[in-house]
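In what follows, a single structure is set out as C-alpha cells and then discussed.
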Amino acid sequence: MFLTRLSGSAVLFATLFLLALLPSGCGFTVIPPPLPVHPAPVFLLDHGGHASLVLPADEGMVRYSYGDWEWYALGRTGAAEGSRALIGPNPAGLSRKILSVSPTEEAIRRTLPFETEHIFLILAEGESVVRLRYRLEAIFLENRQTLHHNPDLGIDFVRHPEPYSLSHNSNTVVAGWLRELGAEVRGSGPFSSWTIQRDR
C-alpha cells in the first residue's frame, strides 16, 4: 500500500536500492587469461552502471556495448522506461564506436563523453580477440537496417537479437565476451562493479 503512494521515480530508485542489497548485485571478478602467445590489448570499461569492451581493430580500437534499446540507444531514461527495463525482457541494442586512438587507457578515456569509474587492461590471445570482434561485427552488419545514432553519446546502435532483461544485461553480456577471450569471470548481477584478480 505504501508503494502505491510513491511516484514512478521513487519506485524505480527503491527497486534499484533493494536489488543492490542482494548477493546478485555484488559485481564481477575477472581472472585474465593465461599469458597469451600472441597478446592483444583488451580494455574493460566500468562505467558505474554498465560495462563495455574495447577491442583492437585493423586501425585503432572499437568499443562495443549491449543494453536496453529504449533506455540506452534511444536515450529514454525516465522512470517508466527504467522500471520497464528492470522487468524485461525488452528489445536490446548493440553499440559500436570506432576509436582512432592508440591502445592506452589515457587515449581511450579521452574518447568517452562521460565519466568512467575504471578502465582495466587485459591481455588476451590475439586469435580469440579477432574471433570475438568478427562475431560482434557480424551481428552489427546483419542488423544494420535498424541503425540508430545516439547524438548524446556519439554512438551507433543496432538491434541485438537477444532481449535485454535483469539477468541478461550489459554486465552479464560483457562477462560472456570476456569468457570468449579465455578469461574466468566470477559473479553476476545487474550492476557494474568490476575487479581484476591477477594472481592466476
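A short reminder: the numbers here are calculations on the coordinates, not readings from a lab. Keep in mind that this is a model prediction, so the values were computed, not measured. Neighbour counts are summed over all protein chains in view; Cβ atoms, including those assigned to glycine, are modelled from backbone coordinates with ideal geometry.
Before moving on, here are some points about what is shown:
- Cβ-Cβ FRET estimate between R186 and R144, R0 fixed at 25 Å, reported to 0.05: 0.10
- Taking the number of Cβ atoms within 10 Å of each Cβ as an exposure proxy, the fewest-first ranking of R198, R179 is R198, R179.
- Modelled spin labels at A107 and Q197, positioned 7 Å past Cα toward Cβ, are 3.2 nm from each other.
- Two-site label geometry, D58 and L74: point separation in nm, points 7 Å out along Cα→Cβ: 3.5
- Highest mean packing comes first when the peptides 106-119, 44-57 are listed by Cβ atoms within 10 Å, giving 44-57, 106-119.
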